[in-house]
């Protein structure tokens, strides 16, 4: 089975310098690519000088996560693509369980490993943890992470598991399935586009899986800090895009209405916390959703076969009202 690791880079020379060595050391089964999103920090010359064994793909513009990968993957012929963030440290043998799963399970289209925190190595990391899920109103959470609550890893999620979405920090996907559903949606630009991809893959009849014996460490927040208003904008706007595109007919408008109300509550919370930039980011996100409504509604699939998309009705109620902080408590 041919496998490619594709690292998307934008002005991340320092990250490549720190993390690329572990990728090259522990990924003998794969060909390693770096797709550069028109960096201006000398990343390209750094790679050419220091890592000639890495295949460099130079995108002509910064097309974000979704567009950057869509452009780059056109030049990658391998049958399995591992979309790997530039701020990830991989471990010995991390690819073997992923490859074995793809060989055994032909209907599994996307896989993520166990994702631990690079800075707090005995804890799960925000972006994916031990596999992604979603509530009825489109709020994502993970085995090992509910909102900002991160669990310590003591083996509680050491079983392989079918999940709803696999993390974009390390997303292994079949090339043919990726192309079949149209790849990542470039209108998302960044954040939650991997959830949209996994939802569409399931609507096409594929499975998404978490493989516990594959382990990586992710820094997280290296491109946009956790409380950056731009990240708030993308998360809230793209959450609405996600629902509009993928919720089945007859339910989509009610779900969108409820999500907007909950977003409003989140905005009021930001006001009371004095985070006015984030409040305005939510307003901007909703305005952008209305502007793109027609365009995004045309992307709805012709069939909806994965109807029970949510794990629980409301993670907001369960976490903030009932006080449940662990996935095992849900």
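The values are calculated or read from the model by the stated rules, or taken from the named source; none is laboratory data. Everything numeric in this text was worked out from a predicted model, so none of it was measured. A quick note on method: Cβ atoms are made from the backbone with ideal geometry, for glycine too, and the neighbour counts reach across all protein chains shown.
Against the criterion of being within 25 Å of residue 192 (Cα to Cα), in contact with a helix residue (DSSP H, G or I) (Cβ under 6 Å, 6 or more places away or on another chain) and either crowded, with 20+ Cβ neighbours inside 10 Å or touching a residue at least 60 places away in the same chain (Cβ under 8 Å) (or both), residue 82 does not qualify.
State yes or no: is residue 245 under 21 Å from the mean Cα position of the chain (by Cα) and surrounded by 14 or more Cβ atoms within 10 Å (Cβ to Cβ)?
Numbers: under 21 Å from the mean Cα position of the chain (by Cα): yes; surrounded by 14 or more Cβ atoms within 10 Å (Cβ to Cβ): yes.
So residue 245 fits the description; yes.
In the range 302-317, the condition of being surrounded by 11 or more Cβ atoms within 10 Å (Cβ to Cβ), more than 25 Å from residue 189 (Cβ to Cβ), free of Cβ contacts under 8 Å to residues at least 24 places away in the same chain and not assigned by TED's automatic domain parsing to the domain that holds residue 85 is met by at least one residue.
Residue-by-condition table, conditions (1) under 19 Å from residue 214 (Cβ atoms); (2) not in a loop (DSSP other than H, G, I, E, B):
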site: 23; (1), (2): yes, yes
site: 28; (1), (2): yes, no
site: 39; (1), (2): no, no
site: 57; (1), (2): no, yes
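One residue is enough: does the range 44-52 have a residue meeting the conditions part of a strand (DSSP E or B), in the same structural domain as residue 184 (by TED's automatic domain parsing) and more than 21 Å from the chain's Cα centre (by Cα)? So that I can check it myself, show each step before the final result.
Going residue by residue through the range 44-52, those that are part of a strand (DSSP E or B) are none.
No, every residue in the range 44-52 fails to be part of a strand (DSSP E or B), in the same structural domain as residue 184 (by TED's automatic domain parsing) and more than 21 Å from the chain's Cα centre (by Cα).
Going through the range 27-49 one residue at a time, which ones are surrounded by 13 or more Cβ atoms within 10 Å (Cβ to Cβ) and out of contact with any helix residue (DSSP H, G or I) (no Cβ under 8 Å at 6 or more places or on another chain)? Step through it out loud before you land on a result.
Restricting attention to the range 27-49, the residues satisfying the condition of being surrounded by 13 or more Cβ atoms within 10 Å (Cβ to Cβ) are 27, 29-39, 41, 43-44, 46-47.
Once the filter is applied, which keeps residues that are surrounded by 13 or more Cβ atoms within 10 Å (Cβ to Cβ) and out of contact with any helix residue (DSSP H, G or I) (no Cβ under 8 Å at 6 or more places or on another chain), the range 27-49 yields 31, 38, 44.
Considering only residues that are touching a strand residue (DSSP E or B) at 6+ places or on another chain (Cβ under 8 Å) and not in a helix (DSSP H, G or I), which ones fall in the range 174-203? Result: 174, 192.
Provide a single number: the residues in the range 263-286 that are assigned to a helix (DSSP H, G or I) and more than 26 Å from residue 165 (Cβ to Cβ). Matching residues across the range 263-286 total 8.
The set of residues in the range 287-325 that are more than 18 Å from residue 193 (Cβ to Cβ), in a loop (DSSP other than H, G, I, E, B) and in contact with a strand residue (DSSP E or B) (Cβ under 7 Å, 6 or more places away or on another chain) comprises 310, 311, 313, 314, 325. Here residue 236 meets the list (1) assigned by TED's automatic domain parsing to the domain that holds residue 62; (2) buried (at least 23 other Cβ atoms within 10 Å of the Cβ) almost entirely, failing just condition (1). In this structure, does residue 208 turn out to be in contact (Cβ under 8 Å) with a residue 40 or more places away in the chain and in a strand (DSSP E or B)? Yes, satisfied.
Conditions (1) within 25 Å of residue 125 (Cβ to Cβ); (2) surrounded by 13 or more Cβ atoms within 10 Å (Cβ to Cβ); (3) in contact with a helix residue (DSSP H, G or I) (Cβ under 8 Å, 6 or more places away or on another chain), marked per residue:
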{"position": "220", "(1), (2), (3)": "yes, yes, no"}
{"position": "231", "(1), (2), (3)": "yes, yes, no"}
{"position": "249", "(1), (2), (3)": "no, no, no"}
{"position": "278", "(1), (2), (3)": "yes, yes, yes"}
{"position": "288", "(1), (2), (3)": "no, yes, yes"}
{"position": "297", "(1), (2), (3)": "no, no, yes"}
{"position": "324", "(1), (2), (3)": "yes, yes, yes"}
